[in-house]
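The values are calculated or read from the model by the stated rules, or taken from the named source; none is laboratory data. This is a predicted model, so every value here is computed, not measured. Note: ideal-geometry Cβ built from the backbone for every residue, glycine included; neighbour counts use all protein chains shown.
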C-alpha cells in the first residue's frame, strides 16, 4: 500500500474507498491517492512506524477514518501530531459518527477538519470531493 | 427478625412479674417487722410505767392500812389505860380518829371476860350496833383483818380485830369496821388519775374507779398488781387506762409509719417495674436498631450491586448505540451510494426504465432506513443526554430554530407569526429540538395550504408555561390525537407526507424529561395545534 499520492485516504471500508475514488474522479480531481486499509498501514505510509523504511514524500492531506481495526484514527492522529515531520500535515477526520464528543476529541487531538460521512443526494461522495478540492487547490499548507 | 424480637418480648412479660412483687413483699415485711418492734417496745414502756405506778400506789394503800392498824393500836392502849368511859368521850375520840382514818365506819370494844362490858361507836356521832359472834371473839385473840363482808345495807366492808386488855386485867377485843369503797376511793382519790382501777378480794370486785377503754386494740394495756394486806390476805388491783389516757399515750405514729412503709414499698415496686420496663425497652430498641442497621447495610450492599448492574447495562446500551450509529450507517450508506452510482453510470445503457424504477425503490428504501436510523439515534440522545438547565429566551430560540428548519427544508413562502413567549429554565439544545420537530411538522403539513401560516403563542399559567405551535395545514382527526406522540405512529402515508413517526415522540420525551406535558388538537383540513407545557421553576 505504499505510494506517493497527494491524498492519503485511511479507510477500512472498501465500499467507502470505492465511492470516494469515484467521486474524486467525477469531480475531475486527477490526483494520486494512497489508500491505507487501517492505522498501521497509514503510519507505515507516513514513515511513522519505526521499521527503518526510507522516508517517502508526505501527502498534502490525510483523510482519516476513526473506527478501524488495530490502530484507530485517534491514535494515528496523535502520532502524526507528535512527530515533527508530520506535525503540520493537514488531517481531515471523516467519520460516520456525529457524536459531539467524537468531534471535540478529534479537534483536541489536532484535526484540521471533521467531515461526517453521509449520503449526498447530489451524487455519491460529492461532499468528499469538495473537501478534497478545498484542501488540494484552495488551502495553502505551511 | 423484628417479629421474632417482639414475640420474645411478649413471652418475657409473662414471667417478669416477680422482681417488683418481691420488692413489694420485702418492703411490706420490713415495714411490718419495724412496726411490730416499735409497737412492742412502746407497749413494754407503757406497761413498765403502769407497773411502777401500780407498785407505788399499792404501797401507798398498804401504808394507809398499816396506819389504820397503828391508830387502832393506839386506841387499844388508850382503852387499856383508861378503861370504860362515858360514850360521849369516846365518840369524840373516835370521831377524831375517823377524820384521820378514811372509810372507818365505826369502832366496837368487847370485854371477853365480862361480855356485858361492850361498847359500839359509830362515826359521825351515830352509834351502830355491832354484832359480834363467837368467831369474832376468837379473832380477838390476835390482830386480824376480816373480809370481804357485807353489812346490813350490802356495802362491802372489812373489819380489823385487835386484842386489848382492860385495866382490870380483863381480856378484850377492839373491832374497827371500814367501808372498802370509802377507804379506797379516799386513798386513790387523786392518784394515777388516768387509770381505771378495779380491786378484787378473793375473786370479788370490791372497788372500781373510772371506766377503762373499751377499745379491743388496747386491751393489752392491763396491769394486775397484788397488794399484800398487813394482817394477811391480799387485794388484787387491776390497772387499765381510761380512754383519755390511752388517747394521750397511744399515738398513731407507728401506724402511720406502717402505712407509709407499705405505700413506699408499693411505690418502690412500681418504680422497679417501670425501670425494668424501660431497661427492657431500651435493650429491645438497641436490638432493633442493630437489626435495622444490619438491614441497612444489606440494603446498601444490594443497592450498590444493583447500581453496578445498572451501570453495566447502561454501558452496554451505550456501546450498542455507538455500534448502531456506526456499523449500521456504513452498510446503509453503501447501499445508497452504490444505488446512486448504478443509476448514474447505467442510466443510458443496460438498465431499462423498469430497472431504473426498481433501483429508485432500492434507494428510497435505503434512504428511509437511514432516516429512521438517524431519528432513532436522535430520540435516544433526547432521552439520554444530561439536562443542562439554564435560562432560555424561548422567543429567540423559536425564531432561530424556525429559520434553521425553514432553510433546511427549503420551504416556500410561509407566514410565521410569533408572540413574545415566556422565558423558562430548561436545556436550550433540547428545547431547540422540540421547536425544530414541531416547526418541521407544521411546515410539512401546511405546505399544501393556500397561504401557509404558522403561529407561535405562549402564556403563563399558575404552575407552568404553555407554548403553542399552530398551523393551518392538513390537521388531523381528534380521534387519533392520542397516537400522535407515540413512536412510529403516523396519520398519513409515507407517499403523502415523508417522515418516520419519531419527531413527536422526541418532542414528548424531551418535554417529559423537563417534567412537562404535551398536547395536540386539530380537525381534518382545519390545521393543527401542538402545545407543550413546562413547569415553572426558578430560573437560574
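Being within 14 Å of chain B (Cβ to nearest Cβ) and either closer than 24 Å to residue A:67 by Cβ or touching a residue at least 60 places away in the same chain (Cβ under 8 Å) (or both) is the filter; apply it to region A:122-140 and report the residue that is farthest from the chain's Cα centre (by Cα). Working first, answer last.
Of all residues in region A:122-140, those within 14 Å of chain B (Cβ to nearest Cβ) come to A:122-129.
Next cut, either closer than 24 Å to residue A:67 by Cβ or touching a residue at least 60 places away in the same chain (Cβ under 8 Å) (or both) only: A:123-129.
Numbers: A:123: 20, A:124: 18, A:125: 14, A:126: 16, A:127: 14, A:128: 11, A:129: 12 Å.
Selected residue: A:123.
Could you pull out the residue among B:360, B:301, B:309, B:366 that is part of a helix (DSSP H, G or I) and under 16 Å from residue A:19 (Cβ atoms)?
B:366
What do you reckon, is residue B:515 farther than 28 Å from residue B:373 by Cβ and part of a loop (DSSP other than H, G, I, E, B)?
Working: farther than 28 Å from residue B:373 by Cβ: yes; part of a loop (DSSP other than H, G, I, E, B): yes.
When the stated conditions are applied, residue B:515 passes them.
Can you spot a residue in region A:25-33 that is in contact (Cβ under 8 Å) with a residue 24 or more places away in the chain and within 14 Å of another protein chain (Cβ to nearest Cβ)?
Yes; the residues of region A:25-33 include at least one that is in contact (Cβ under 8 Å) with a residue 24 or more places away in the chain and within 14 Å of another protein chain (Cβ to nearest Cβ).
Picking from B:370, B:424, which residue would you name as being modelled with pLDDT of 80 or more, within 14 Å of chain A (Cβ to nearest Cβ) and surrounded by 15 or more Cβ atoms within 10 Å (Cβ to Cβ)? It would help to see each step written out before you state the result.
On the way: B:424 fails: within 14 Å of chain A (Cβ to nearest Cβ).
Testing whether each residue is modelled with pLDDT of 80 or more, within 14 Å of chain A (Cβ to nearest Cβ) and surrounded by 15 or more Cβ atoms within 10 Å (Cβ to Cβ) leaves just B:370.
Tell me the residue from A:76, A:40, A:45, A:62 that is closer than 16 Å to residue A:11 by Cα and surrounded by fewer than 19 Cβ atoms within 10 Å (Cβ to Cβ), please.
Numbers: A:76 fails: surrounded by fewer than 19 Cβ atoms within 10 Å (Cβ to Cβ); A:45 fails: surrounded by fewer than 19 Cβ atoms within 10 Å (Cβ to Cβ); A:62 fails: surrounded by fewer than 19 Cβ atoms within 10 Å (Cβ to Cβ).
Being closer than 16 Å to residue A:11 by Cα and surrounded by fewer than 19 Cβ atoms within 10 Å (Cβ to Cβ) holds for just one of A:76, A:40, A:45, A:62, which is A:40.
Take the residues of region A:1-24 that are within 13 Å of another protein chain (Cβ to nearest Cβ) and part of a loop (DSSP other than H, G, I, E, B): which is modelled with the highest pLDDT? Can you show your working first?
Here is the first cut: in region A:1-24, the ones within 13 Å of another protein chain (Cβ to nearest Cβ) are A:11-23.
Cutting the leftovers down to part of a loop (DSSP other than H, G, I, E, B) gives us A:11-13.
Details: A:11: 91, A:12: 87, A:13: 84.
Across region A:1-24, the extreme among qualifying residues is A:11.
Residue by residue through region A:73-121, note down the ones that are within 12 Å of chain B (Cβ to nearest Cβ) and in a loop (DSSP other than H, G, I, E, B).
Listed by number, the residues that qualify are A:96, A:97, A:98, A:99, A:117, A:118, A:119, A:120, A:121.
Would you mention how many residues in region B:343-357 are more than 14 Å from chain A (Cβ to nearest Cβ), in a helix (DSSP H, G or I) and surrounded by 10 or more Cβ atoms within 10 Å (Cβ to Cβ)?
If we filter region B:343-357 for residues that are more than 14 Å from chain A (Cβ to nearest Cβ), which is where we start, we get B:348-357.
With in a helix (DSSP H, G or I) added as a condition, the list becomes B:353-357.
In the following step, the residues that additionally are surrounded by 10 or more Cβ atoms within 10 Å (Cβ to Cβ) were identified as B:355-357.
The number of residues fulfilling the criteria is 3.
Taking the options B:387, B:379, B:397, name whichever one is more than 11 Å from chain A (Cβ to nearest Cβ), closer than 16 Å to residue B:510 by Cα and not in a helix (DSSP H, G or I). Let's see the steps before the verdict.
Values: B:379 fails: not in a helix (DSSP H, G or I); B:397 fails: not in a helix (DSSP H, G or I).
Among B:387, B:379, B:397, only B:387 is more than 11 Å from chain A (Cβ to nearest Cβ), closer than 16 Å to residue B:510 by Cα and not in a helix (DSSP H, G or I).
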